[in-house]
Amino acid sequence: MSDIIFIGLSLSSILLLVALGLSITYGAMGVINMAHGELVMIGAYTAVLAGIHLGLNLFFALPLAFVTSGLLGLLIERVLIRRLYGRIIDTLLATWGVAIVLQQLVRLEFGLSFFGIHVEGLGSGLQNMAVPAFLTQPVDIAGFTLQPYRSFIIVVTLLLTGLTWWLMYRTPMGAQVRAIMRNPQIAAACGIDVRRVSALTFAYGSGLAGVAGVLLAGFKTVMPEMGASVVVDGFLVVVVGGVGSLLGTVLAAGILGQINGVVALLSNDIIARAVVFAVVIGLILWRPRGLFSFKSR
Amino acid sequence: MKTNRRNFLKQSTAFGAAAALGPSLYAGAARASGEIEVGILFSLTGGLSIIEKSLADATMMAIDEINAAGGVNGMTIKPILEDGASDPKTFNEKASKLVIRDRLQTVFGSYTSASRKAVLPVFEKRNSLYFYPTYYEGFECSKNVVYTGAVPNQQLSNFIPWIINTLGKKKFFIVGSNYIYPREMAKVSKILIEQHGGEWIADEYLELGHSEWGAMVSKIKESGCDVVLSNVVGDSVVAFYREFKNQGLTHDKLPICATVTSEIEIAAMGPEFAVGSYTSFPYFQAIDTDRNRAFIERYRKYVNDPNAVTHHALESSYFQVYLWKQAVEKAGDISADAVREGIKGQVFEAPNGTVTVDPENLHTYLTPRIAQWGADGQGTIIDEYKEPIEPLPYVAYGETPDNLFCKGTGLDTAKL
């Protein structure tokens with residue numbers, strides 16, 4: 001029984017990890033960021049490259065990936081998204097384009113492969129990130145097998161969620177972000193620098209994606225297409241949880257992860273996936289604005 | 001009936017095309033005297049490019065070697081390279097381009113069954129030859145394809161008895177990706193497991209590309225099996241082996257015995273996750289012969305990567321070009337019909353050993369081998385047959401060496 005709960009918890013934490021960044025960029029800023037999965041992918045590649053070329057392990061890769069994906073997110077916001085606020089369908093298309101460009105950049109090794117230069121760790125192939133040995137050795141505690149790596153993901157996810165909550169609800173910056181979420185015009189009228197705050201918020205959400213990428217790299221294959229499947233799950237969680245609601249996102253990730261885990265064990269993963277989608281459809285019909293929502297822009 | 005219809009189609013297309021194009025139709029591929037054009041069709045872009053690029057490289061290497069040694073009957077081989085872009089529909093379009101516009105008689109290509117099935121109608125309709133280098137699920141009998149990879153009996157007829165008798169494991173958990181190859185492999189496995197006194201306690205599938213293995217590995221753990229037979233394909237393999245270790249399962253107690261995990265997947269997951277597990281293939285990079293060592297060295301030099309790995313489909317991609325060359329030399333002609341006749345019974349000393357093309361079903365005799373993976377990402381060959389065994393593409397449906405379903409005259413559908 002504890003095994004089932006643990007697997008569900010682990011699935012939930014992975015969902016939450018991806019959805020956390022998305023709930024900020026989509027929830028707070030109304031941008032359907034299709035490139036979110038690619039920011040996850042960039043985070044994973046940062047970990048792979050840091051391992052190969054700098055000899056840095058997972059723990060150093062985490063902050064590095066946060067900075068890399070965060071800066072990339074800032075760049076995307078500055079160059080593209082800031083011109084598209086309020087045009088939700090346009091952001092979808094534009095960020096999808098960004099996603100394709102990012103995938104190809106990694107696949108073509110930033111164009112270097114045209115000149116016959118090969119950077120180890122890039123390219124269209126499969127990469128892997130080394131996980132420190134003590135994180136792969138399971139520990140038996142009173143008959144329950146504790147998996148250190150999955151536990152590590154759960155802990156990091158909790159810490160990041162806590163940090164995000166603190167930033168959003170306990171800092172002046174967070175108050176400004178929440179004000180913009182409610183109504184950007186009035187927020188601007190009250191003297192909030194909407195552009196600056198939006199850019200920083202977007203960068204923070206992107207940075208979270210990078211961290212998610214590093215943690216996913218520990219048990220998934222790292223490849224240019226890895227972000228595509230991740231982003232769908234992220235959107236599911238955000239939409240079910242309620243746009244812009246941190247609590248809703250956490251709760252939705254918890255529910256969907258547990259359902260997935262339990263059904264997968266009782267029958268199989270394919271049916272589990274179908275059940276999850278059925279639950280999502282049901283929840284959206286029941287509460288079109290998500291589990292928790294408030295009137296926003 | 002089938003053959004008749006096919007002949008009819010062939011004649012009518014030939015008539016129609018000849019009416020339009022005049023006499024140049026069958027002379028096409030030998031256009032400039034002293035040159036033979038052949039097609040190469042693999043995915044150079046997209047998700048499958050990592051593996052298919054290596055197959056294209058091995059094919060090109062064989063062609064370069066043959067050309068450097070004087071060509072075929074004094075003629076130089078000129079390859080025309082096309083990109084299937086990891087998409088069966090693109091494969092079909094590119095195959096049509098090679099066969100119809102370039103009028104090629106022979107094309108080397110395909111890694112997935114999906115892409116082979118997509119190009120098959122083109123080659124059958126235009127009566128050209130396709131050389132397919134990958135291990136696959138069998139259940140196909142085309143006189144327009146020469147199959148040089150393993151079929152299920154060449155990967156499993158040694159593997160299952162060995163697991164039961166030598167490893168002493170009797171309870172199988174069969175797991176695979178959800179498409180035709182793993183399902184056909186499971187079918188053959190079950191027949192063999194029951195024949196040899198073992199039992200299978202589960203037969204489970206996950207989507208191709210699925211990477212969340214928590215629930216499945218937990219199920220394996222609870223099932224009470226003592227061996228896992230894996231037909232998992234592609235990047236899922238990596239997630240599977242990693243989760244297996246993370247949940248505390250070890251290959252010395254509960255080994256994964258795999259039919260798809262090759263040197264490429266081992267390198268991608270990190271060898272420490274596969275140490276002690278087993279794979280069955282006719283070729284491993286670790287085959288300890290001078291011929292294979294020289295082959296690996298030439299390949300690494302050719303792709304300019306001192307760490308490049310070789311694997312089963314890559315080796316088949318290489319030696320099938322030589323089989324084709326010998327067939328052309330024997331037939332003295334490059335037309336598909338002549339090469340098909342010429343290649344029947346053709347023998348070549350490949351890096352894995354002697355390979356022979358079966359005169360009936362155009363599949364290849366290969367030597368089954370089992371390897372155990374080590375910490376360096378290489379296998380140690382711990383069991384091998386003394387000689388190559390006959391390919392039986394319909395073994396799951398009761399085909400035996402004395403009762404062939406697929407013959408030179410076509411598939412005997414009454415036996416299915």
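Return yes or no: is residue A:48 part of a loop (DSSP other than H, G, I, E, B) and either crowded, with 24+ Cβ neighbours inside 10 Å or within 14 Å of chain B (Cβ to nearest Cβ) (or both)? When the stated conditions are applied, residue A:48 does not pass them. The single residue among A:159, A:167 that is surrounded by 13 or more Cβ atoms within 10 Å (Cβ to Cβ) and either more than 14 Å from chain B (Cβ to nearest Cβ) or outside any helix (DSSP H, G or I) (or both) turns out to be A:167. Just one of the numbered conditions (1) part of a helix (DSSP H, G or I); (2) closer than 22 Å to residue B:137 by Cβ is not true of residue B:294: (2).
Look through A:116, A:30, A:123, A:21 and report the one residue that is buried (at least 16 other Cβ atoms within 10 Å of the Cβ) and over 19 Å from residue A:238 (Cα atoms). Steps first, please.
Values: A:116 fails: buried (at least 16 other Cβ atoms within 10 Å of the Cβ); A:30 fails: over 19 Å from residue A:238 (Cα atoms); A:21 fails: over 19 Å from residue A:238 (Cα atoms).
The match here is A:123.
Can you tell me which residue within the stretch B:95-135, out of those that are part of a loop (DSSP other than H, G, I, E, B) and either of a type in the set (D, E, K, R) or touching a Gly at 6+ places or on another chain (Cβ under 6 Å) (or both), is surrounded by the most Cβ atoms within 10 Å (Cβ to Cβ)? Talk me through it step by step, then tell me what you get.
Within the stretch B:95-135, the first condition is being part of a loop (DSSP other than H, G, I, E, B), and the residues that meet it are B:102-105, B:110-112, B:127-128, B:133-135.
In the following step, the residues that additionally are either of a type in the set (D, E, K, R) or touching a Gly at 6+ places or on another chain (Cβ under 6 Å) (or both) were identified as B:102-104, B:133-135.
Values: B:102: 16, B:103: 20, B:104: 23, B:133: 28, B:134: 24, B:135: 26.
Within the stretch B:95-135, the match that is surrounded by the most Cβ atoms within 10 Å (Cβ to Cβ) is B:133.
Screening the stretch A:1-18 for residues that are surrounded by fewer than 24 Cβ atoms within 10 Å (Cβ to Cβ), of a type in the set (A, V, I, L, M, F, W, C) and assigned to a helix (DSSP H, G or I) and picking the one that is modelled with the highest pLDDT gives A:9.
Considering only residues that are basic (Lys, Arg) and within 14 Å of chain A (Cβ to nearest Cβ), which ones fall in the stretch B:126-179?
The first filter runs over the stretch B:126-179 and keeps only residues basic (Lys, Arg), leaving B:126, B:143, B:169-171.
Scanning the stretch B:126-179 gives no hits.
Is it the case that residue A:269 is within 12 Å of chain B (Cβ to nearest Cβ), modelled with pLDDT under 90 and under 15 Å from the mean Cα position of the chain (by Cα)? For residue A:269, the condition - within 12 Å of chain B (Cβ to nearest Cβ), modelled with pLDDT under 90 and under 15 Å from the mean Cα position of the chain (by Cα) - is not met.
Taken over the stretch B:297-335, the criterion of being outside any helix (DSSP H, G or I) and closer than 24 Å to residue B:143 by Cα is satisfied by B:332, B:333, B:334, B:335.
Identify all residues within the stretch B:287-308 that are crowded, with 20+ Cβ neighbours inside 10 Å and either of a type outside the set (Val, Ile, Thr) or in the same structural domain as residue B:235 (by TED's automatic domain parsing) (or both); write none if there are none.
Those that are crowded, with 20+ Cβ neighbours inside 10 Å and either of a type outside the set (Val, Ile, Thr) or in the same structural domain as residue B:235 (by TED's automatic domain parsing) (or both): B:292, B:295, B:299.
Has the stretch A:198-206 got at least one residue that is surrounded by fewer than 13 Cβ atoms within 10 Å (Cβ to Cβ) and either closer than 24 Å to residue A:38 by Cα or more than 12 Å from chain B (Cβ to nearest Cβ) (or both)? Before the answer, list the steps.
Of the residues in the stretch A:198-206, the ones surrounded by fewer than 13 Cβ atoms within 10 Å (Cβ to Cβ) are none.
No - not one qualifying residue is present in the stretch A:198-206.
Taking the stretch B:180-216 only, how many residues are within 14 Å of chain A (Cβ to nearest Cβ) and crowded, with 22+ Cβ neighbours inside 10 Å? First the steps, then the outcome.
Of all residues in the stretch B:180-216, those within 14 Å of chain A (Cβ to nearest Cβ) come to B:182-183, B:202-216.
Adding the requirement that they be crowded, with 22+ Cβ neighbours inside 10 Å leaves B:182, B:206, B:212-216.
Looking only at that region, the number is 7.
Please find, within the stretch A:219-266, the residue that is surrounded by the fewest Cβ atoms within 10 Å (Cβ to Cβ) out of those that are assigned to a loop (DSSP other than H, G, I, E, B) and facing chain B (nearest Cβ under 8 Å). Break it down stepwise before answering.
Of the residues in the stretch A:219-266, the ones assigned to a loop (DSSP other than H, G, I, E, B) are A:219-221, A:223-225, A:242-245.
Narrowing the set further to residues that are facing chain B (nearest Cβ under 8 Å) leaves A:219-221, A:223, A:225.
Working: A:219: 27, A:220: 25, A:221: 26, A:223: 24, A:225: 18.
Residue satisfying both the conditions and the ranking: A:225.
Scanning the stretch A:109-141 for residues that are free of Cβ contacts under 8 Å to residues at least 12 places away in the same chain and either facing chain B (nearest Cβ under 10 Å) or closer than 18 Å to residue B:236 by Cα (or both) yields A:116, A:118, A:133, A:137, A:138, A:139, A:140.
So that you can scan it fast, the table gives a plain yes or no per residue for (1) charged (D, E, K, R); (2) more than 14 Å from chain B (Cβ to nearest Cβ); (3) farther than 14 Å from residue A:208 by Cβ:
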residue: A:14; (1), (2), (3): no, no, no
residue: A:20; (1), (2), (3): no, yes, no
residue: A:26; (1), (2), (3): no, yes, no
residue: A:58; (1), (2), (3): no, no, yes
residue: A:63; (1), (2), (3): no, yes, no
residue: A:68; (1), (2), (3): no, yes, no
residue: A:86; (1), (2), (3): no, yes, yes
residue: A:92; (1), (2), (3): no, yes, yes
residue: A:98; (1), (2), (3): no, yes, yes
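Considering B:283, B:241, B:318, the condition of being within 12 Å of another protein chain (Cβ to nearest Cβ), buried (at least 24 other Cβ atoms within 10 Å of the Cβ) and not acidic (Asp, Glu) is satisfied by B:241 alone.
Within the stretch B:217-233, the set of residues being more than 8 Å from chain A (Cβ to nearest Cβ) and surrounded by 20 or more Cβ atoms within 10 Å (Cβ to Cβ) comprises B:217, B:220, B:225, B:227, B:228, B:229, B:230, B:231, B:232, B:233.
The values are calculated or read from the model by the stated rules, or taken from the named source; none is laboratory data. For clarity, every value in this text was computed on a predicted model and none was experimentally measured. We place every Cβ from the backbone using ideal geometry, glycine too, and count neighbours over all the protein chains shown.
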